[in-house]
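One structure is given below, encoded as structure tokens.
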Amino acid sequence: MVQLAVHVMADPIPLPKCLDAASAPDLLSQLLAHPSGSDVLLDAQDTSHIGALGAQVLLSARRRAVENNTSFCVLHVQNAVHDELSAMGLMELTQQEEDK
């Protein structure tokens with residue numbers, strides 16, 4: 001019997017305008033409640049800032065997705081956020097699965 005890995009695509013989780021120490025715990029709660037085995041799809045369309053704690057939550061979610069053999073994707077990354085993540089050396093958070 002052959003078992004296939006099933007990826008469940010969930011609705012995108014919108015990131016807050018400012019993903020910092022104040023909003024990171026809420027995002028962490030959402031991600032911990034995210035169904036195991038589901039792809040992690042985040043929407044950064046309205047996000048203009050990601051601080052260190054917010055980036056840490058994203059890195060943790062990405063690591064969990066890799067461990068669960070699911071996809072991790074941050075959509076609609078604004079230039080300012082892209083620059084912040086680049087300055088922190090965290091460009092892997094914005095790379096799409098196809099880019100790896």
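The values are calculated or read from the model by the stated rules, or taken from the named source; none is laboratory data. The shown structure was predicted, so the numbers you read here are calculated from the model rather than taken from an experiment. Don't worry about glycine lacking a Cβ; one is built from the backbone with ideal geometry, like all the others, and counts go over all protein chains shown. All accessible areas refer to the heavy atoms of the entire protein, side chains included, with ligands and DNA or RNA removed. Shrake-Rupley method; radii C 1.70, N 1.55, O 1.52, S 1.80 Å.
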What percent does the relative contact order of the range 41-100 come to when contacts are Cα pairs within less than 8 Å and at least six residues apart?
-> 44
Computed ³J(HN,Hα) along the range 69-82: with the Karplus parameters 6.51/-1.76/1.60, θ = phi - 60°, integer Hz and x for glycine or proline, the list is 6, 10, 8, 10, 8, 10, 8, 6, 6, 6, 4, 4, 5, 4
J(HN,Hα) series, the range 19-25, from Karplus relation 6.51 cos²θ - 1.76 cosθ + 1.60, nearest Hz, glycine and proline x = 8, 10, 4, 6, 9, 4, x
Expected vector for the range 26-40, Karplus 3J(HN,Hα) from phi with 6.51, -1.76, 1.60 and θ = phi - 60°, integer Hz, x for Gly and Pro, equals 5, 5, 4, 4, 4, 5, 5, 7, 5, x, 4, x, 8, 5, 9
Amide hydrogen neighbours beyond the local backbone of ILE13, cut-off 5 Å, H modeled | LEU41, LEU42, ASP43
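If you roll a 1.4 angstrom probe over the protein chains with everything in place, what fraction of the accessible area of the range 8-100 belongs to carbon and sulfur, to the nearest %?
Working: 2690 of 5100 Å².
That fraction is 53 percent.
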Each label sits 7 Å from Cα toward the beta-carbon; between SER29 and ASP83 the label points are separated, in nm, by 3.3
Over the alpha carbons of the range 20-100, what is the largest minus smallest coordinate on each principal axis, giving the biggest first in Å?
-> 31, 30, 20
